[in-house]
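The values are calculated or read from the model by the stated rules, or taken from the named source; none is laboratory data. Note that this is a predicted model, so its numbers are computed, not measured. Neighbour counts are summed over all protein chains in view; Cβ atoms, including those assigned to glycine, are modelled from backbone coordinates with ideal geometry.
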């Protein structure tokens, strides 16, 4: 029987944006696979089979479509409605099951479109799951195209030339180079597939009604008002012209195939309309219709995949592109976005309207606006990749309620954040579902913490509301980052000078800055002396600076010049309240602020308590515009986000770390053995026994306290003598399958010295837990040190999350943890160790010696690699972890496994 367990079935994009279906070859594919080979030119047959024999096509089709097994896999790439096979890739193992010979065939007419590379990526994924560690291939020396495919794959290729043939060996180790190459190809293909949607040359609105309240008519009207640069059609069987646009009775009647079809028909008609669009040659769909049920949703996506159409929506507001060559507003929003360079993508139409309105009020224009709706296909990841390639966008704004592929999002956002600010609204999620979590690790790993780890690692600016996002956009769009200047980015300290014409208002601004994590430092004596000479009598020249209500524009400008030139701060916040003096003389001090932007590269912001708008941009004659806030807290939060971005940019990207000698083979054996015996988690709920825990942690160099198993008093006494020696003290811990919180249940007895104490303790545990006890762990009593906590939770959406912080019995009460998504880089490990409030204890607080920091790093790296290697790993809970100057040791360890299949987050495939 054909084995398709490990065979991927997916749709993916070629470099020209077209969609292919990739799946395991089946016997019913034989005719099309044979046709592919028979239609190859004689030259391509020679390059593929080293000869031009008449039987090669039939033999190749027979082999490709034969029943498959782990030693033989064949993948086929179908174009469109499974009418043509455009590529075949296969491998077969020999005597060594870890090595397989690979071959690729691409149909004539489809060379240089990424078919072979895409098939190889999927074949590499399948081979790794089958335990194949390297590919081998033999090709003619003049088969330059195939050699280029191997070279461009991103994996290391070892070549040997022999008698006109090139023998290639390709190790299948996944590394950063391979992932980068896959991402680069995916970015190119994704952008090509979105051209018909985001830069269409023709648009048809299907379902445009005659009534003014029709959504389709509103979209058509907006397209006309925006001056859409391409051909525009409407489809309605009951009209001849709507909004001065020609109307056709159905899609099949359109005079030309369209790039983009906008569907505004009722939900029951969406699938049929989509099918008609596909048959008429449409290349992309924008579905505004809402209310599709699960069956309709599945059918809609199936139609799009069959005809190779990208899909935005359904249930969305629409999309817009303001570029001069496109001028498309395919939304039913009341206001058209301004032309500009901010990319905006949202799931909620209401949030989209609020963002567009806020950006327009600030005078900030949009390059592309996408309302993603239910995200059946096009997602936030797609939009990030589009903005990376479009040559227009310089600021990305997102509002995402869910993440289809968070790890791919993280890599894309991390790369894009180096080029432009990426902002999102992190509205928070309920933690109620985790309050009853089984372990300390799961209890600490709240959804909010997981998302914050994603955003922090990717350099995404996560705000708490749409209002705060707009506040931050206003600052980043108009001002340089704190610490910016000539040379490479530097990490600012977040020093802020407050300059005000009212002392009380200045104090409030200073408080807001400190509460936001900024500093309001004392100013150097030389600067304060200069300020005292320049400002009116009675001015207060410490920070915050009170210039008095009598300050004029010239004096305030002089003050700002001196502060900005001093190098004492990274940013200046100017707080100005209206005074009768300024009104009477016309000497408005606000002019000094707008004039200063032309002279200084420092970050400047204003607080104007009397203004009605939450934030607005002050007009300037020359130089940069200045954001003005009604509330000092708004200015402070925006500045804090800017400081964090500057710090993130100043740091090197980080290098993924791995333990020096991880034993993946043993780890996989331990996991498989446990899950084979308990496929549903069994009575233990998936929690491993002590021996299995220890063996698994040993595979990754995670240190833990020695232990022994005791099933009787005598065994406990013997173990205590062996582990602690004469006069040593030990700990006894009761154990039964599924036990997690030992201390809370009184299952731990500490500081036991001598045979009598051990026997008494064993009897106490046996009597207390006689109905469930399966045995007792005996461990030596640990010495003094810093008690820490380390663990992993495998989030089904975000992947493995590594947590670290204060440990012991008060772990959950104090909630002093930091978290980062695996795999960890050196920067992530540094952030985990320095992030918790207890971090000073690790570095020698108040004269105490530092703990073994290198040992802590090795422990965290080991946990990260373990979590990445084993998708079955649900939780690891090490609490407490004892850290001393001499080493790091887990005193208690718990590991939970659940049956889960790995899903490669970086394999190129459409959802």
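What the table shows:
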item: Only listed residue being crowded, with 24+ Cβ neighbours inside 10 Å, in the same structural domain as residue 385 (by TED's automatic domain parsing) and touching a residue at least 60 places away in the same chain (Cβ under 8 Å), chosen from 331, 326; result: 331
item: Unique match (being touching a strand residue (DSSP E or B) at 6+ places or on another chain (Cβ under 7 Å) and farther than 19 Å from residue 149 by Cβ) among 24, 103, 12; result: 24
item: Total residues in segment 756-795, condition free of Cβ contacts under 8 Å to residues at least 24 places away in the same chain and part of a loop (DSSP other than H, G, I, E, B); result: 2
item: Filter result for the condition that a residue is modelled with pLDDT of 95 or more, touching a strand residue (DSSP E or B) at 6+ places or on another chain (Cβ under 9 Å) and either under 23 Å from residue 501 (Cα atoms) or surrounded by fewer than 24 Cβ atoms within 10 Å (Cβ to Cβ) (or both), over 645, 633; result: 645
item: Exclusive hit being surrounded by fewer than 21 Cβ atoms within 10 Å (Cβ to Cβ), at pLDDT below 90 and not in a helix (DSSP H, G or I), set 701, 681; result: 681
item: Condition check for residue 627: touching a residue at least 12 places away in the same chain (Cβ under 8 Å), in the same structural domain as residue 588 (by TED's automatic domain parsing) and surrounded by fewer than 19 Cβ atoms within 10 Å (Cβ to Cβ); result: no
item: Residue list for segment 234-270, filter: under 21 Å from residue 193 (Cα atoms) and crowded, with 19+ Cβ neighbours inside 10 Å; result: 258, 259, 260, 261, 262, 263
item: Residue in segment 60-98 that is modelled with the lowest pLDDT, counting only those that are surrounded by fewer than 19 Cβ atoms within 10 Å (Cβ to Cβ) and in a strand (DSSP E or B); result: 69
item: Output for segment 259-270, where each listed residue is farther than 16 Å from residue 312 by Cα and either in contact with a strand residue (DSSP E or B) (Cβ under 6 Å, 6 or more places away or on another chain) or in a loop (DSSP other than H, G, I, E, B) (or both); result: 266
item: Residue in segment 565-574 that is surrounded by fewer than 17 Cβ atoms within 10 Å (Cβ to Cβ), modelled with pLDDT of 90 or more, under 19 Å from residue 475 (Cβ atoms) and under 39 Å from the mean Cα position of the chain (by Cα) present; result: no
item: Helices (runs of 4 or more DSSP H) contained in segment 482-568 and holding at least 2 residues assigned by TED's automatic domain parsing to the domain that holds residue 638 and without any contact (Cβ under 8 Å) to a residue 24 or more places away in the chain; result: 503-515, 525-534
item: Segment 398-436 - residue that is exposed (fewer than 15 other Cβ atoms within 10 Å of the Cβ) and part of a helix (DSSP H, G or I) and, of those, modelled with the highest pLDDT; result: 432
item: Condition met for residue 174 (surrounded by fewer than 20 Cβ atoms within 10 Å (Cβ to Cβ), out of contact with any helix residue (DSSP H, G or I) (no Cβ under 7 Å at 6 or more places or on another chain) and within 30 Å of residue 412 (Cβ to Cβ)); result: yes
item: Those residues of segment 196-231 which are in contact with a strand residue (DSSP E or B) (Cβ under 8 Å, 6 or more places away or on another chain), part of a helix (DSSP H, G or I) and surrounded by 20 or more Cβ atoms within 10 Å (Cβ to Cβ), in sequence order; result: 196, 197, 198, 216, 217, 219, 220, 222, 223, 226
item: Selection from segment 365-397 of residues that are crowded, with 24+ Cβ neighbours inside 10 Å, in contact with a helix residue (DSSP H, G or I) (Cβ under 7 Å, 6 or more places away or on another chain) and part of a strand (DSSP E or B); result: 366, 368, 369, 370, 371, 396, 397
item: Segment 271-304: number of residues that are in contact with a strand residue (DSSP E or B) (Cβ under 9 Å, 6 or more places away or on another chain) and either crowded, with 24+ Cβ neighbours inside 10 Å or under 20 Å from residue 370 (Cα atoms) (or both); result: 14
item: Check on residue 352, in contact (Cβ under 8 Å) with a residue 24 or more places away in the chain, touching a strand residue (DSSP E or B) at 6+ places or on another chain (Cβ under 9 Å), more than 17 Å from residue 228 (Cβ to Cβ) and surrounded by fewer than 20 Cβ atoms within 10 Å (Cβ to Cβ); result: no
item: Residue check, residue 801 farther than 27 Å from residue 731 by Cβ and part of a strand (DSSP E or B); result: yes
item: Which listed residue is over 26 Å from residue 658 (Cβ atoms) and in contact with a strand residue (DSSP E or B) (Cβ under 8 Å, 6 or more places away or on another chain), from 133, 113, 159, 148; result: 159
item: Search result, residues across segment 456-476 that are more than 19 Å from residue 350 (Cβ to Cβ) and touching a residue at least 40 places away in the same chain (Cβ under 8 Å); result: 456, 457, 458, 459, 460, 461, 471, 472, 474, 475, 476
item: Unmet requirement for residue 722, which otherwise passes all of (1) part of a loop (DSSP other than H, G, I, E, B); (2) surrounded by fewer than 17 Cβ atoms within 10 Å (Cβ to Cβ); result: (1)
item: Test set (1) crowded, with 21+ Cβ neighbours inside 10 Å; (2) modelled with pLDDT of 95 or more; (3) within 19 Å of residue 331 (Cβ to Cβ) - residue 193 fails condition number; result: (3)
item: Positions within segment 99-131 being part of a loop (DSSP other than H, G, I, E, B) and either under 27 Å from the mean Cα position of the chain (by Cα) or crowded, with 24+ Cβ neighbours inside 10 Å (or both), in sequence order; result: 114
